[in-house]
């Protein structure tokens, strides 16, 4: 393989290594930028012509400032480029990094069809002695069983002998991907020692943290999914306890804070949003069942977390009831469509599901999120409103789904003046209950019984 | 946990009276003799007795009458239906009630089902016509200690206090501050404090169950769960726990039932808490199955096999066997016709035989004739078992600590490639 200690010693030598990153989403663009910044010649391949043109101009399709800077700098220095031509890019590359999000279909089965097409395209033009690294989350066994044979069959080359194959999952949150990728520990596994070594050397050039080599690709694939299932399970446990607290007249936020003073205890904040996390458990639930292993906890966690949308509707009804208002016909203002606070990333958000459910039950819904304009919100399927004021005006209930900082600045007095009925359902605990009481605003806060 | 707590208060300068129904316990305390191992306890008890800061008595009435601050810490067990048995706690509360006077502060440290302080104990105490929060103080402050780490946790953890009124919370806080340097966390009411204690146990139970289920999957995938867990925990905000052959003791296997059995429809209200118990209670059976599988791979039948279980205590160096997975495994193995012996370095041969009904004996002699060894509790001593057994002896590691094991929980047999 072309990647070895010698060629990585200087930026000058690195510039002779060509890397192509397939697909810009799923942190593909960030990985490409970081590698370009480390001195490699990098090209991002994507079918989206618009995005390719944007990147070529030195602009980032994401709002994240640190990423915008990286794109601008590296395109200007001719270290980063973009193309729709996968054939051309692969045939010239020494390293191919695959970053393709795996969706799940309506039956909650992972859909690997796009990964398959891409791997076959890569295979057709793959050069001998190149290194292929899969960086997206996949089910355990997918790289060694499927990816390997897709590439081998299309290329006629043999993994391990003619080309290297490694798996190294990306762990990054939206809006801070460059920081996360550079600073989190990186799991790496290879189909053979040489692939592992080459991939480790490559990522060492962009990672300030530890490289964690694993003994098999399957172990690395599994670890990545478990990281997310762990979050899903613990979010579900926190939600379960929060709902139980509501029944008992106990404030979960107090329990959360006090219980976590024990180092053996890590409760999370409850909520209905969780990014990628809702999807990843499905990468192994079905297979586990086929293997005869009951993953009751992981499965129930999904159920609990998915039920949080229904629970939110219950809380809305409760808030409206205090003002003798039925849900049917009520005007409801919903704030926040990102999957978490202070980022512009709608993927993984459950707000759309909530809005659709409210509409189904006859409520009139308006949605606002300061990170998105009206057009963007409409494209996402939301009944959008331009300004926060217009959204809240005349509403019977205000639902805060995501705790963006902008929402924290809301004055309760102002809200009360704008709303028809001052009822708030707060899922992100940004409204102070004491203040709400003082202002005589009905406040139903998730988990606060 | 009553004795260490009493010693801590005595050390802080208070005059403490310890009450117990067992005259032997009372005698021992007054002679400064400890009957269980706990770091720092011996010195602290000796000092408290010598300085006349601590006395023990059988006479609860006398103790209540002569004290200002009354703490109750009686472990609560489960009855046959796995419902918390609070009869003893009620008895004690009746005695306190009869001797209650204005100005008394009454507190409970026992882990309780949610609502017990306010809904059950308070009415008993108020039988006197004194009112809680007005005439006497009432609070709940959960004991968050752990055998073997009692004094260090008392120093390092914040003390959680939930009282019926602010004044009591303040007084209790001032008193606990003298023994809890990490500080005080006052919460809204007793039931919140009760929930906090149960929540901590539940967090562990559910996370152990999660690890156990994932371990079973890793076994099928033919990957080592310990390698995966290490990788999982390399990322921020993850604390995946280790799987094991069962959760023992009087805390984690017990407290979830305080919630589960207070509900008609626990499946719907607290599905994870309930499922976690089931998964964890199933682990001894899973471990026995691993032993059976490994024996079979060597062409041996579990029927008639010599099986040694190492470890009886639910945690190393804790001389307690409540809910110990070893008991469960021994029973199952016997039903399958295996010859079972048990060894634990903190118990004598006679003690083991009396508690378990299984045979015990000398460590090396037991290992020498074993067809299979199951490690249920990990002691340092157990490293290097392989050298002491027959060549084809099966070693199943229920704690995932031994490199020489053939099988662990989520550690598939070595050399078996799929």
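The values are calculated or read from the model by the stated rules, or taken from the named source; none is laboratory data. Just so it is clear, the model here is predicted, and its values are computed rather than measured. Cβ coordinates were reconstructed from backbone atoms using ideal geometry, including for glycine residues, and neighbour counts include every protein chain displayed.
Among the residues here, residue A:148 qualifies as buried (at least 16 other Cβ atoms within 10 Å of the Cβ) and under 27 Å from residue A:4 (Cα atoms).
Filtered by the rule that a residue be in contact with a strand residue (DSSP E or B) (Cβ under 8 Å, 6 or more places away or on another chain) and within 13 Å of another protein chain (Cβ to nearest Cβ), the range B:232-262 gives B:234, B:258. Meeting the requirement of 1 or more residues that are within 12 Å of another protein chain (Cβ to nearest Cβ), the helices (runs of 4 or more DSSP H) wholly within the range B:113-231 are B:150-156, B:190-221. Quick check: anything in the range B:265-281 more than 9 Å from chain A (Cβ to nearest Cβ), within 26 Å of residue A:222 (Cβ to Cβ) and surrounded by fewer than 17 Cβ atoms within 10 Å (Cβ to Cβ)? Yes, the range B:265-281 has at least one match.
Residue A:277 meets the conditions (1) under 16 Å from the mean Cα position of the chain (by Cα); (2) surrounded by fewer than 20 Cβ atoms within 10 Å (Cβ to Cβ) in every case but one. The failed one is (2).
Give the residues of the range B:116-135 that are farther than 19 Å from residue B:159 by Cα and under 32 Å from the mean Cα position of the chain (by Cα), sorted by residue number.
Initially, the range B:116-135 is screened for residues farther than 19 Å from residue B:159 by Cα, giving B:116, B:118-135.
Passing the criteria: B:116, B:118, B:119, B:120, B:121, B:122, B:123, B:124, B:125, B:132.
When we screen A:434, A:416, A:408 for residues that are out of contact with any helix residue (DSSP H, G or I) (no Cβ under 9 Å at 6 or more places or on another chain) and surrounded by 15 or more Cβ atoms within 10 Å (Cβ to Cβ), the only hit is A:416. Within the range B:232-257, the residues that satisfy the criterion of being in a helix (DSSP H, G or I) and in contact with a helix residue (DSSP H, G or I) (Cβ under 6 Å, 6 or more places away or on another chain) are B:232, B:255, B:256.
Scan A:248, A:241, A:284, A:237 and give me the residue that is facing chain B (nearest Cβ under 10 Å), touching a helix residue (DSSP H, G or I) at 6+ places or on another chain (Cβ under 8 Å) and under 18 Å from residue B:238 (Cα atoms).
Answer to the selection: A:237.
Taken over the range B:29-56, the criterion of being in a helix (DSSP H, G or I) and under 23 Å from residue B:89 (Cα atoms) is satisfied by B:29 alone. The single condition among (1) buried (at least 23 other Cβ atoms within 10 Å of the Cβ); (2) more than 21 Å from residue A:416 (Cβ to Cβ) that residue A:373 does not meet is (1).
Residues that are in contact (Cβ under 8 Å) with a residue 24 or more places away in the chain: list the strands (runs of 3 or more DSSP E) wholly contained in the range B:306-418 that include at least 3 such residues. Give the derivation first.
Working: elements: B:306-310, B:339-343, B:372-375, B:394-397.
Of the strands (runs of 3 or more DSSP E) lying wholly inside the range B:306-418, those with at least 3 residues that are in contact (Cβ under 8 Å) with a residue 24 or more places away in the chain span B:306-310, B:339-343, B:372-375.
Quick grid of which residues meet (1) within 22 Å of residue B:221 (Cα to Cα); (2) crowded, with 24+ Cβ neighbours inside 10 Å:
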site: A:112; (1), (2): yes, no
site: A:142; (1), (2): yes, no
site: A:157; (1), (2): no, no
site: A:161; (1), (2): no, no
site: A:164; (1), (2): no, yes
site: A:180; (1), (2): no, no
site: A:197; (1), (2): no, no
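Within the range A:226-264, how many residues are closer than 20 Å to residue B:188 by Cα and in a loop (DSSP other than H, G, I, E, B)? Explain how you work it out, then say what you get.
Pass one, the range A:226-264, residues closer than 20 Å to residue B:188 by Cα: A:238, A:241-262.
So of that shortlist, the ones also in a loop (DSSP other than H, G, I, E, B) come out as A:249-250, A:260-262.
Total meeting the criteria: 5.
Scanning the range B:136-148 for residues that are in contact (Cβ under 8 Å) with a residue 24 or more places away in the chain and either more than 24 Å from the chain's Cα centre (by Cα) or surrounded by fewer than 18 Cβ atoms within 10 Å (Cβ to Cβ) (or both) yields a count of 4.
Go through B:151, B:170 for me and flag whichever is in the same structural domain as residue B:99 (by TED's automatic domain parsing), surrounded by fewer than 21 Cβ atoms within 10 Å (Cβ to Cβ) and in contact (Cβ under 8 Å) with a residue 60 or more places away in the chain.
Numbers: B:170 fails: in contact (Cβ under 8 Å) with a residue 60 or more places away in the chain.
The conditions single out B:151.
One line per residue, one yes/no per condition, for (1) surrounded by fewer than 19 Cβ atoms within 10 Å (Cβ to Cβ); (2) within 26 Å of residue B:322 (Cα to Cα); (3) within 24 Å of the chain's Cα centre (by Cα); (4) outside the structural domain of residue B:320 (by TED's automatic domain parsing):
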{"position": "B:35", "(1), (2), (3), (4)": "yes, yes, yes, yes"}
{"position": "B:48", "(1), (2), (3), (4)": "no, no, no, yes"}
{"position": "B:64", "(1), (2), (3), (4)": "no, no, no, yes"}
{"position": "B:77", "(1), (2), (3), (4)": "yes, yes, yes, yes"}
{"position": "B:92", "(1), (2), (3), (4)": "no, yes, yes, yes"}
{"position": "B:100", "(1), (2), (3), (4)": "no, no, no, yes"}
{"position": "B:105", "(1), (2), (3), (4)": "no, no, no, yes"}
{"position": "B:109", "(1), (2), (3), (4)": "no, yes, yes, yes"}
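Looking only at residues in the range A:251-274 that are away from chain B (no Cβ under 11 Å) and under 24 Å from residue B:144 (Cβ atoms), which one is surrounded by the fewest Cβ atoms within 10 Å (Cβ to Cβ)? The residue in question is A:269. Residue count for the range A:172-220 under the criterion of being facing chain B (nearest Cβ under 9 Å) and either more than 25 Å from residue A:340 (Cβ to Cβ) or touching a strand residue (DSSP E or B) at 6+ places or on another chain (Cβ under 8 Å) (or both): the result is 12.
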